[in-house]
Each structure stands twice: as C-alpha cells, then as structure tokens.
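K.L.:
What follows is a structure written as structure tokens; I'll ask about it next.
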C-alpha cells in the first residue's frame, strides 16, 4: 500500500478463496483499515472457483457483512455478483451503502443462451431491491471481449416476458460508467 503512488495503483483485489482465508479474519483488518484511510476500494474475488483448493466457505457473504459493518467508509466490490451466492450478495448491497457488485463472468459458459437469461434475472432482482445502481461493469477479459459483452448486455431485455419486466435502458447504460463513479478517484 505504501507503493500506491509510485505504482499508480488505485484499487486492490483480494482472493480469499484461493489464498485460503476468511475475509472477516481480524488479521486482514489492518489492510481494510489502511485502504479505508487511503480511500482505496477493495474488490473481493468473492465467487466460487473450480480449483479444488478454492474452498467455497471463503466466499460466504456473512464475512463481507462483517467487513462492511466494521469499515463503513471502505468501498467494497464483490466480483462476479458474488456467485454462487448472488441473492445474499445483492442483499448486502442493499444493507450496506458501501458495497458494489460487478457483472464479470458470473455463470460459467458466457456464450451459452442461459447465461444472459440468468444475468437478466439477477439484474431484475437488483432493480427490485433498489441496488441496480451498485452494479458495475466487468468482463474478466480476455475470456470475452468487452464490445461483445456490452452488446449482449444491451440486448438483455429480450428475456422479459412482458414490458413491465424490462430493465430500463438508462439503468443498463449506467452499469457501464455512472454506477462506478463513487469507486473512482475525483478528477483534479
């Protein structure tokens, strides 16, 4: 963290799943404390991974609940919508104003027709919970090209069985930029 300026770092990504620790382990609190002081957002790779050593218990949203409560000015991003615990992760964004979720590579095969349907369903839940403004863009590039993912996302309403279930286009567009503004440094 001391080299933040030197290296031009703005955020930090942590991998409790692969590194084998709980996000709410008090040993990690000093990192959160410093990040909060430096106004440096932390992204947690808080999603399941297919590697045998990546234990699902290290993705429990209850751990992030503790971190968000203990560090209310720390801006937290949960990668991959917190999959496979999307519902709990969306609830945390509702409970704590300092939690965002990104939509990078959430459900497996991104080119499978069900992928976009699942994403539409979960974004609709976010809209219903009032937290769609805390959903930000991400792709996990090079797994999928950004332009391709943007195009997919902008066609997501084809899964709405009636117009009342469509996600407003302006809210979808905000995922690509406006929603991330609170996570970015202020312009000089």
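K.L.:
Rounded, prolate or oblate: which one fits region 5-51, using the alpha carbon gyration tensor with axes a ≥ b ≥ c (rounded when a/c is under 1.5, else prolate when a/b beats b/c, else oblate)?
P.N.:
oblate
K.L.:
Related question: With n ≥ 4 as the cut-off for DSSP H runs, can you work out [θ] at 222 nm for the chain, using -39500 (n - 2.57) per run divided by the number of residues, rounded to the nearest 500?
P.N.:
Taking each H run of at least 4 residues, the total per residue is -10500 deg cm²/dmol.
K.L.:
Helix 113-129 versus the longest principal axis of the chain: what is the Cα-based angle in degrees, 0 to 90, to the nearest 10?
P.N.:
The angle comes out near 70 degrees.
K.L.:
Suppose the Debye formula is applied to equal point scatterers at every Cα of region 68-188; what is log10 I(q)/I(0) at q = 0.15, 0.18, 0.21, 0.22 Å⁻¹?
P.N.:
-0.65, -0.94, -1.26, -1.38
K.L.:
Given contacts defined as C-alpha pairs under 8 Å and at least six residues apart, what's the relative contact order of region 4-183, whole-number percent?
P.N.:
Rounded, it is 17 percent for region 4-183.
K.L.:
Right, here's the next one. Mind checking the full-extension length gain between residue 19 and residue 39? Use 0.36 nm per residue of separation minus the Cα-Cα distance, one decimal, nm.
P.N.:
Taking residue 19 through residue 39 to full extension adds about 4.8 nm, to one decimal.
K.L.:
Could you please state, rounded to a whole Å, how far the C-alpha centre of region 103-122 is from the C-alpha centre of region 52-69?
P.N.:
22
K.L.:
Turning to a different aspect of this structure: Note the angle between two axes, namely the Cα long axis of helix 61-70 and the longest principal axis of the Cα atoms of the chain, as a number of degrees from 0 to 90, rounded to the nearest 10.
P.N.:
Approximately 50 degrees, to the nearest 10.
K.L.:
Assuming R0 = 30 Å, what is the FRET efficiency of residue 150 and residue 49, from their Cβ-Cβ distance, to the nearest 0.05?
P.N.:
Using R0 = 30 Å, I get an efficiency of 0.75.
K.L.:
Using the Cα gyration tensor of region 143-188, with a ≥ b ≥ c the square roots of its eigenvalues, what is the shape: rounded (a/c below 1.5), prolate (a/b larger than b/c) or oblate (neither)?
P.N.:
It is oblate, given that a/c is not under 1.5 and a/b is not larger than b/c.
K.L.:
Please say if region 16-136 is rounded, prolate or oblate, where rounded means a/c under 1.5 for a ≥ b ≥ c the square roots of the C-alpha gyration tensor eigenvalues, and otherwise the choice is prolate for a/b larger than b/c and oblate otherwise?
P.N.:
oblate
K.L.:
Still on this model: Mean separation of Cα pairs under 8 Å and 6+ residues apart, divided by the residue count of region 1-108: what relative contact order is that in percent?
P.N.:
26
The numbers here are math on the coordinates, done by the rules we state, and not lab data. This structure is a prediction, so every number in the text was calculated from the model and none was measured. Neighbour counts are summed over all protein chains in view; Cβ atoms, including those assigned to glycine, are modelled from backbone coordinates with ideal geometry.
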